[in-house]
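Data first, discussion second: the structure below is written as structure tokens.
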Protein chains: 2
Amino acid sequence: MLLNYSDLETTEQSVRTSLINALSGYKSLQLVGTSNALGQMNLAPFSNVVHIGSDPVLMGFIHRPTTVERHTYENILETKVFTFNAVTKENYMLAHQCSARYTRNENEFEAVGIVPKFMDGFKAPFVNDSPIQIGLHLEEIHSISNGTHLIVGSVQLLQISDELIDSDGNMDLSRMEIMGVSGLDTYYTTTFHNRLSYAKPNVPLSTK
Amino acid sequence: MLLNYSDLETTEQSVRTSLINALSGYKSLQLVGTSNALGQMNLAPFSNVVHIGSDPVLMGFIHRPTTVERHTYENILETKVFTFNAVTKENYMLAHQCSARYTRNENEFEAVGIVPKFMDGFKAPFVNDSPIQIGLHLEEIHSISNGTHLIVGSVQLLQISDELIDSDGNMDLSRMEIMGVSGLDTYYTTTFHNRLSYAKPNVPLSTK
């Protein structure tokens, strides 16, 4: 199927939304945990999460336009901290349910039945059963023309399941059944295939 | 394993780089195709690709610091266009090989054996065998404090394998064996698990 700009403009809106959301491929769903200044917790799934740098350790995610009430965004502005929590086969349906429009007074942890966890005096809640729990401090917000934001944080705290990490620091995410997602609602299980060597011109790749 | 900020600072650099790159989870490797003003082609793999919006159709990717020669970045500034091309089990090793440091006069298409394709007068090359070929026009560059850039483009042209698209616009990426990747070098095959309904408070989820 070949679509140009004007075809896309005239594609029925829900079809276009599904199609365009799927174009960027696999993601990991991350549950983003926040609190407001009074300690009211919020938990919301985001899938557009990126690695930005290793020194300093920076990660980011794309947040939708904040023209309607967006608890995650407001909480991050208020407390400057947030958490990423990887989602497994065991809890991905609870994670998906967190995308429902709960009111500010509702707490997704309670509403869907996810156990929160607090570590090291960090002001945002983690997901207790997640194999990768990351605590971040807000560093930068970049506002994009369509009203979305790239929220960049520095990693302050990491709790990772020992089973996941290899001696060289790499992780095989399939070991803990971390789910892949594409588009708005499509979930995948994964199978480790291989690791490839660092690529150099005119040197054949090998598997690690 | 629990690591705080100072543990991370003292972790051996290669271990930290592997670990931190893996934190953000699964990605799709995208081959980014560009040309300079003279038509010299370049092809490079990027894995931090995000969906930014469906109306207008915006996608972005994180580009490493441009302190050393970065052909993709320079070509995008020169011609304002680039392509994303999804990577399958059949060609992911060729895609990985494109990350080698070829010189400006070398052309990764030729060097690794990937067939380029031109469509509709678009000035950047596509990957002929890719099931998802996306042509984008540069819209915005957001520079992040560590020297990386978020490059945002609007989708101008789409060529998608018919086998991939459902009637509602969604894609099951496992059908064409599109590979998942995490960290710097870890590849996964995927299996479609299910699609979940739109979440609403107090309504049980169903599968589509």
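The values are calculated or read from the model by the stated rules, or taken from the named source; none is laboratory data. Note that the structure is a prediction, hence the values are computed from the model and not measured. So basically every Cβ, Gly included, is an ideal-geometry build from the backbone, and we count neighbours across all protein chains shown. For the accessible areas, the whole protein counts, side chains as well, though only heavy atoms, and no ligand, DNA or RNA atoms are used. Shrake-Rupley method; radii C 1.70, N 1.55, O 1.52, S 1.80 Å.
Can you compute the helix-only [θ] at 222 nm over chain A? Use -39500 (n - 2.57) per DSSP H run of at least 4 residues, normalise by all residues, nearest 500 deg cm²/dmol. List each step's numbers first, then the result.
Details: 5 runs with 37 residues, N = 208.
That comes out to -4500 deg cm²/dmol.
The solvent-accessible area of A:L94, taken with every protein chain present and a 1.4 Å probe, is close to 60 Å². Dipole orientation for the stretch B:68-208: of the candidates B:G180, B:F84, B:I114, B:G180 has the Cα lying most toward the positive pole (charges on Cβ; Lys, Arg +1; Asp, Glu -1).
A simple charge model with +1 on the Cβ of Lys and Arg, -1 on the Cβ of Asp and Glu and nothing else charged puts the dipole of the protein assembly as shown at about 80 debye relative to its Cα centre.
Counting Lys and Arg as +1 and Asp and Glu as -1, each charge on the Cβ, what is the dipole of the stretch A:1-142 about the Cα centre in debye, to the nearest 20? Write out the running numbers ahead of the final one.
Details: 10 positive and 15 negative charges, 23 e Å.
The calculation lands at about 120 debye.
Remark: accessible surface ordering of A:K89, A:K27, B:K117 (largest first) is A:K89, B:K117, A:K27, probe radius 1.4 Å. The mean sequence distance of close C-alpha pairs (under 8 Å, at least 6 residues apart), as a share of the length of chain A, puts its relative contact order at 22 percent. For B:I52, the residues 5 or more places off, or on other chains, whose built amide H falls under 5 Å of its own are B:L58, B:M59, B:G60.
Taking the Cα centre as origin and putting +1 on Lys and Arg beta-carbons and -1 on Asp and Glu beta-carbons, what dipole magnitude results for the stretch B:50-208, to the nearest 20 debye? All intermediate terms of the calculation are to be shown ahead of the outcome.
Details: 12 positive and 19 negative charges, 77 e Å.
About 360 debye.
Taken one residue at a time, the phi angles of the stretch A:78-85 give Karplus couplings (6.51, -1.76, 1.60, θ = phi - 60°) of 6, 10, 6, 10, 7, 10, 10, 9 Hz. Gly and Pro are set to x. Relative contact order, whole percent, for the stretch B:1-75 stands at 22, derived from Cα pairs under 8 Å and 6 or more residues apart.
Using alpha-carbon pairs under 8 Å, 6+ residues apart, how would you state the relative contact order of the stretch B:19-116 in percent? Answer for the stretch B:19-116 is 33 percent. Is the shape of the stretch B:104-208 rounded, prolate or oblate, going by the alpha carbon gyration tensor and its root eigenvalues a ≥ b ≥ c, with a/c under 1.5 for rounded and a/b larger than b/c for prolate? It is prolate, given that a/c is not under 1.5 and a/b is the larger ratio. Can you tell me how the stretch B:22-123 classifies by the Cα gyration tensor, rounded, prolate or oblate, using a/c under 1.5 as the rounded cut? Here the stretch B:22-123 falls in the rounded category.
Measure up A:K117/B:K27; A:K200/B:K89; A:K27/A:K80; A:K117/B:K208 against 23 Å on the Cα-Cα distance and list the ones that go over. Walk me through the numbers on the way to the answer.
Values: A:K117/B:K27 27 Å; A:K200/B:K89 21 Å; A:K27/A:K80 25 Å; A:K117/B:K208 32 Å.
Pairs exceeding the cut-off: A:K117/B:K27; A:K27/A:K80; A:K117/B:K208.
Going by a ≥ b ≥ c, the root eigenvalues of the Cα gyration tensor, does the protein assembly as shown fall in the rounded group (a/c under 1.5), the prolate group (a/b larger than b/c) or the oblate group? Cα axes put the protein assembly as shown in the prolate bin.
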